[in-house]
Structure formats: structure tokens, C-alpha cells
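As C-alpha cells, the structure follows; a few thoughts come after it.
The values are calculated or read from the model by the stated rules, or taken from the named source; none is laboratory data. Quantities reported herein were computed from a predicted structural model and do not represent experimental measurements. Positions of Cβ are backbone-derived with ideal geometry, glycine not excepted, and every protein chain shown enters the neighbour counts.
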Amino acid sequence: MQRLLNQARWDPRGMREDLREYVFQELGDQAGVLIVDETGFIKKGTGSAGVQRQYSGTAGRVENCQLGVFLAYASPRGRALIDAELYLPKPWLADRARCAQAGIGEDRKFATKPVLAQAMIARALDEGAPAGWIAADEAYGQDHKFRAFLEKRQVGYVVAAPRASRCAPASAMAPAACGPTM
């Protein structure tokens with residue numbers, strides 16, 4: 001497996017497209033849901049892409065780790081991970097020599113975790129994901145731009161939001177949307 005991942009020539013983006021197509025064909029159901037979440041991978045060294053001391057929900061504290069944002073699909077017919085993006089902190093991207101050493105291309109720009117989630121959701125919806133709604137935790141629900149993106153895409157959503165957020169009717173597609181407290 002390590003040889004395949006490290007030495008074989010293959011297109012990870014193309015592989016994910018094939019995976020999504022297969023999952024939507026085999027597990028697709030209008031009752032399906034796209035689920036966004038992140039996880040941390042604890043690391044001892046500093047050479048792996050994106051590693052730094054940062055909060056990891058997996059560990060429940062600040063640790064030396066990588067963070068990945070994941071998109072899963074679930075329906076009454078089954079569930080599968082369908083996309084993933086590695087979160088790269090600003091200090092990492094500012095050090096282009098370190099990026100090159102870790103195999104991160106010059107074209108990679110900083111993106112918040114909610115922005116990475118939006119890109120994955122857009123890919124899934126653009127490929128015809130049979131999903132009636134999106135689910136995400138507070139890390140995404142507190143971001144008004146993330147919620148606005150979902151409303152613009154006219155997809156229902158259930159997200160956790162901070163207690164201080166105020167919910168008000170927004171549209172027929174999203175019966176209640178949370179915004180900052182006035």
C-alpha cells in the first residue's frame with residue numbers, strides 16, 4: 001500500500017471522482033445526507049504536511065497534529081467517505097521551502113476548514129449527489145459564510161451553532177438560519 005501511495009503514478013482527484021460516482025450509484029437515495037467533519041492526526045515530528053501545534057478534537061486539546069476535513073455520504077442504503085482535504089495552517093503556507101519539501105504545490109493557497117468543506121460539498125452537488133441535506137458541527141455552523149453558501153446552493157442543512165447565535169426564518173429551503181446576535 002505504501003508503494004502505491006508514494007511511488008505509483010495515480011490521480012487522487014480522479015480517484016475521488018470515481019469513488020463519488022460509485023457511491024452515488026450504489027448508495028444513492030433522496031433521503032441521503034452529506035456530512036462534514038474534521039479529525040486530527042497526532043504526529044511526533046514536524047515534517048508531515050500541515051503539522052503544527054493546534055487544537056485537535058480527536059485529542060480534546062492542543063497537540064502536534066495534522067487536521068483533515070472530510071465529507072461523508074450516508075443514506076438508508078449505506079455510508080462512505082467520499083472526499084477529504086488536508087487543512088494547511090497559514091504558517092505552513094508562508095514557508096514555501098517547507099511546503100516544497102512536503103510535496104505541497106506552489107498553487108496551494110490558505111483556506112479555512114469551512115472553505116475546504118464548501119469546495120467538497122460543491123464537488124459532490126455538482127456531480128449530482130442524491131442528498132436532501134447537509135449536516136455539520138459547530139466548527140462549520142458558526143461560520144455565516146458556510147451557511148450562506150448552503151442557502152445559495154438551495155440545499156437544506158442542519159448545523160450546530162453557538163448558543164449566542166440568533167435563528168430567524170431565511171428561505172423556504174432553509175426554514176431557519178442562524179446569524180450573529182444583534
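Numbers at a glance
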quantity: Residue check, Arg16 part of a helix (DSSP H, G or I), within 25 Å of Gln101 (Cα to Cα), modelled with pLDDT under 95 and not acidic (Asp, Glu); calculated: yes
quantity: Residue that is nearest to Leu34 (Cα to Cα) [pool: residues in the range 143-166 that are among the hydrophobic types (A, V, I, L, M, F, W, C), crowded, with 16+ Cβ neighbours inside 10 Å and more than 16 Å from the chain's Cα centre (by Cα)]; calculated: Val155
quantity: Filter pass, Ala8 being assigned to a helix (DSSP H, G or I) and without any contact (Cβ under 8 Å) to a residue 12 or more places away in the chain; calculated: no
quantity: Some residue of the range 78-101 being part of a loop (DSSP other than H, G, I, E, B) and touching a strand residue (DSSP E or B) at 6+ places or on another chain (Cβ under 7 Å); calculated: yes
quantity: Test result for Val62, surrounded by fewer than 14 Cβ atoms within 10 Å (Cβ to Cβ), of a type outside the set (Ser, Thr, Tyr) and at pLDDT below 95; calculated: yes
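Each row is one residue, and each column tells you yes or no for (1) within 17 Å of Ala136 (Cβ to Cβ); (2) among the basic types (Lys, Arg); (3) surrounded by 13 or more Cβ atoms within 10 Å (Cβ to Cβ); (4) without any contact (Cβ under 8 Å) to a residue 24 or more places away in the chain.
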site	(1), (2), (3), (4)
Val33	yes, no, yes, no
Phe41	no, no, yes, no
Ser56	no, no, yes, yes
Arg79	yes, yes, yes, no
Ile82	yes, no, yes, no
Leu93	no, no, yes, yes
Gln101	no, no, no, no
Ile104	no, no, yes, no
Asp107	no, no, no, yes
